[in-house]
Every structure is written in structure tokens, then in C-alpha cells.
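Here's the structure we're looking at; comments come further down.
The values are calculated or read from the model by the stated rules, or taken from the named source; none is laboratory data. The shown structure was predicted, so the numbers you read here are calculated from the model rather than taken from an experiment. Here Cβ is always computed from backbone atoms with ideal geometry, including for glycine, and neighbour counts include all displayed protein chains. Accessible surface is based on the protein model in full, side chains and every heavy atom, while ligands, DNA and RNA are left aside. Shrake-Rupley method; radii C 1.70, N 1.55, O 1.52, S 1.80 Å.
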Amino acid sequence: MKLIYKKLIDFGVNPIVAEYLSVGIMIIFIVILCLLANFITKKIVIRFITHIVNNNKYTWDNILLEKKVFHKLSHIVPAIIIYHFAEAFTYQDLIEKGAITYIIIVVISLLGSLLNAFHEIYLTYEISKVQPIKGYIQVAKIIVYVLGIILIIANLIGKNPLIILSGLGALSAVLLLVFKDSLLGLVAGIQLTSNDMVRVGDWIEMPKYGADGDVIDLSLNTVKVQNFDKTITTIPSYALISDSFKNWRGMQVTGGRRIKRSLFIDTTSIAFCSREQIEKLRNIHYLTDYIDTRQREITEYNIKHRIDTSNQVNGRALTNVGLFRTYISNYLRNHPGIHKEMTTMVRQLAPNEYGLPIEIYAFSNDINWAVYESIQSDIFDHLFAIASEFDLRLFQNPTGNDFKAMSSLHLNNHEGESN
């Protein structure tokens, strides 16, 4: 700028005017130089980098381009130019501090974009489904922003950043209070990840927070669950450590979803099978071989022990509920919707006020909710319809129709007695 001032004086310009004019010319020169540098960086360098990125076989550099990492890097060049020419002005110190502050802000923004890009690149790998790192990325961002703020403050007040860092020790209690959720979330995130307790895509249930659906996001402070009614429930990360929740991943991995439901048999309908009833039930495909085998065993046993079979109480005999249970077991083993490699069982539970529970315990071979419900309904539709073939009655509490029928029967009997 002194050179410009000297030239203006040589041209006979008034010294006061020459001083202001030289400052103006210098500012215009710096602005033009910054615009030129920015133009070269964006129109030539960035385009060249974009061409290289778009014409190679790698995908990670495309993500860097999408996150505008190279574009943000270009903003540093004008700031460096301004810093270099700051000594030409009266307020050199103020201009230098402003330029350095801008450079620090650009670097912070650049590091944030790099972390975002790194996370996007990580998500392209299969391991990201097992080991999410979004929480760690957020912690890294917090550290970058805190350090950036400290550097900016240190630059503006002209102090060593280490002095500010040492002063933060006295504010540790305040910092712990301010970042309480983040610290708890960090600890929870480490435990959730290291113990593989939950992943994005897992179906979890947490009634305390009204969550019943798929995990769609794991962050530093929260876990987002999209419920099956399409609502979103946000759960604090540390709640998954401190409280209990159910993860259905095991069911999804094994490929079988449990069916566990009971039929209640009216105990007054349970009886020994007569010969006629056995012959009728022998025609049922799933019972033919079983009845033939059991009848042979029973006959041999009764003959061997010289049991009087004129009374069914003596010896061994088939019961309608036993045959019904066997039929259900064979029916499930041949049902196309039941998983053949997993536990299939039909058992009696302890009788209660509703009758004798016959529990079906099996697994469907399709974990899709709609298909699973269809398979379960198909099985019980069939069992409800066929129970009468075994002369069994299924229990249900009396309904209005039952009371109406009883009232009509009582009225008819009363009229008959009157006649």
C-alpha cells in the first residue's frame, strides 16, 4: 500500500486524498484477488476434482463430493489472502484475527462435513447394521465444536488456548450438568453396541415408553422407534440400559414365529370312545395309523392281563380328548405353514374354571405379521370346526342367546305342565 501511496504522491495527488485513495485501491485489489482465487478454485479446481471423482470406480469419494467437503475447503483461500495483506492496513491485528476466526469456522464446518461423509461411507458396509457409529460421530462433532469455540475465543482475546482449557476444569461440574444427557447417551451407546443389544431394523417392545415397532435410528441421545401404527416413539438411549425391553431379533433371525394358544374343552364332554365312534374316527386321514396301532397295543395289553373289557373302566381304552390331541399334533406336523425344524407340541394344561386347556405350541415358517396371523387363524378355524367330530364341546361363557334359549325352554316346559 505504501507503493501505491508513493505513486499517487508522484502524480501530484493531495497527501490526505492519496492516503484514503490508496486504502480504497488496496481493498479493491484484495477483493478482486479473492474473487479471482474463488473463481479459480470453484470453476477450475473443483470441476477438475469432480471430473476425477465421477470417472473412477470408487464410491466413497462421491460421498465426499455430495457432502461438499471440497467446496468448503475452497473458502479458506480468500481468508488466507486477506490475512496475508492485513499488514498493509492500520487495523492489522483486527483484520488478522477476523481472518483467522473465519478460517477456524470453515475448518470446523469442514470437519463436520468430513464426519458426516465418513458416517455415510460407513453405512455402505454390512457391519454398519450390526455396529452403528452415529453416536460416536455425534460425540466427535461435539469435541470438534467445543475445541473450535475455544480456539476462536483464544484468538479473539489473544491468549493461549491451553489457558482456556485449564480454566474449564473449574467449570467441570457445570459442563457435566449441561452435557449430562450426552454423557449418559455415550455410555449407553457403548454398552448397546458392545453387547449387541439393539440394531437399526430390530423390532423392539418397550411398553413403558409406548414403543412397539422397528428401530429406525440410533443416535447419541435417543433411539427412534417407528411403531406399527406408523407413529414415532423417541426413547432416551440410557433407558435401554436402565429399563427392560423386548427385542424380537431372535425371532426374525430364526425365521419362525411362535404360536402359543389354547382351546378350552368342556370337561363334561370328555369320555371313552365307543366302537362306533372309533370306526368313524378311523376314517380321518391323520388318525388311521394311530388308531390301528393303539388298538392293537390295547388289545394285546388287555388280553395279556386278562382284563374284562365289558366295562370300559377296566384296562386301557381310547378317549375322545386323547384322539383329538393326537389329531391336532398330526395336523400341525403336516400343515404347510408350520416350521418343521422347530418345536411343535400339543399339551394339556391344568384344568381351570374354563375347562381343560389344550395348548398348541408351534412356530410358523413365515415371520411376516399378516402371514403369521393368517396361519394361526387358519389352524384354529379348523380346530374349532372339527372338535364336534370328537363329541367334544368347546367352553365359552354363557351369552345372551344361551339365556334366551334357557328361558324359552323353561317357558315351553311350563306350558306343557299347564296343559
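Would you point out which residue out of HIS339, HIS335 is touching a Gly at 6+ places or on another chain (Cβ under 7 Å), at pLDDT 85 or above and either surrounded by 12 or more Cβ atoms within 10 Å (Cβ to Cβ) or not polar (S, T, N, Q) (or both)?
HIS339
Do we have any residue at all in region 5-28 that's under 60 Å from the mean Cα position of the chain (by Cα), hydrophobic (A, V, I, L, M, F, W, C), closer than 25 Å to HIS75 by Cβ and at pLDDT 70 or above?
The answer is yes, given that some residue of region 5-28 is under 60 Å from the mean Cα position of the chain (by Cα), hydrophobic (A, V, I, L, M, F, W, C), closer than 25 Å to HIS75 by Cβ and at pLDDT 70 or above.
Which condition number does THR101 fail, the rest of (1) at pLDDT below 80; (2) open to solvent by less than 30 Å² (accessible area, probe 1.4 Å) being met?
Every condition holds for THR101 apart from (1).
Working carefully through the options LYS304, LYS260, LYS246, find the one that is open to solvent by 60 Å² or more (accessible area, probe 1.4 Å), farther than 30 Å from PRO398 by Cβ and touching a strand residue (DSSP E or B) at 6+ places or on another chain (Cβ under 9 Å).
LYS246
Would you mind stating whether GLU87 is within 25 Å of ILE153 (Cβ to Cβ), open to solvent by 100 Å² or more (accessible area, probe 1.4 Å), modelled with pLDDT under 75 and in a helix (DSSP H, G or I)?
yes
In region 268-279, which residues are surrounded by 14 or more Cβ atoms within 10 Å (Cβ to Cβ), touching a residue at least 60 places away in the same chain (Cβ under 8 Å) and part of a helix (DSSP H, G or I)?
Matches in region 268-279: SER269, GLN277.
Which condition number in (1) open to solvent by 40 Å² or more (accessible area, probe 1.4 Å); (2) part of a loop (DSSP other than H, G, I, E, B) is the one that ARG296 fails?
(2)
Given (1) within 13 Å of the chain's Cα centre (by Cα); (2) hydroxyl-bearing (Ser, Thr, Tyr); (3) open to solvent by 20 Å² or more (accessible area, probe 1.4 Å), identify the lone condition not met by SER182.
Of everything listed in (1) within 13 Å of the chain's Cα centre (by Cα); (2) hydroxyl-bearing (Ser, Thr, Tyr); (3) open to solvent by 20 Å² or more (accessible area, probe 1.4 Å), SER182 misses just condition (1).
From the list ILE235, ILE216, exactly one residue is surrounded by 18 or more Cβ atoms within 10 Å (Cβ to Cβ), not in a helix (DSSP H, G or I) and not polar (S, T, N, Q). Which is it?
Answer to the check: ILE235.
Which residues, counting only those in region 299-356, are in a strand (DSSP E or B) and without any contact (Cβ under 8 Å) to a residue 12 or more places away in the chain?
Matches in region 299-356: ASN352 only.
Kindly list the number of the only condition in (1) within 23 Å of GLY256 (Cβ to Cβ); (2) touching a Leu at 6+ places or on another chain (Cβ under 9 Å) that fails for ARG347.
ARG347 satisfies every listed condition except (2).
Given the condition over 22 Å from ILE270 (Cα atoms), of a type in the set (Val, Ile, Thr) and modelled with pLDDT of 90 or more, answer yes or no: does some residue in region 344-353 qualify?
Among the residues of region 344-353, at least one is over 22 Å from ILE270 (Cα atoms), of a type in the set (Val, Ile, Thr) and modelled with pLDDT of 90 or more, which makes the answer yes.
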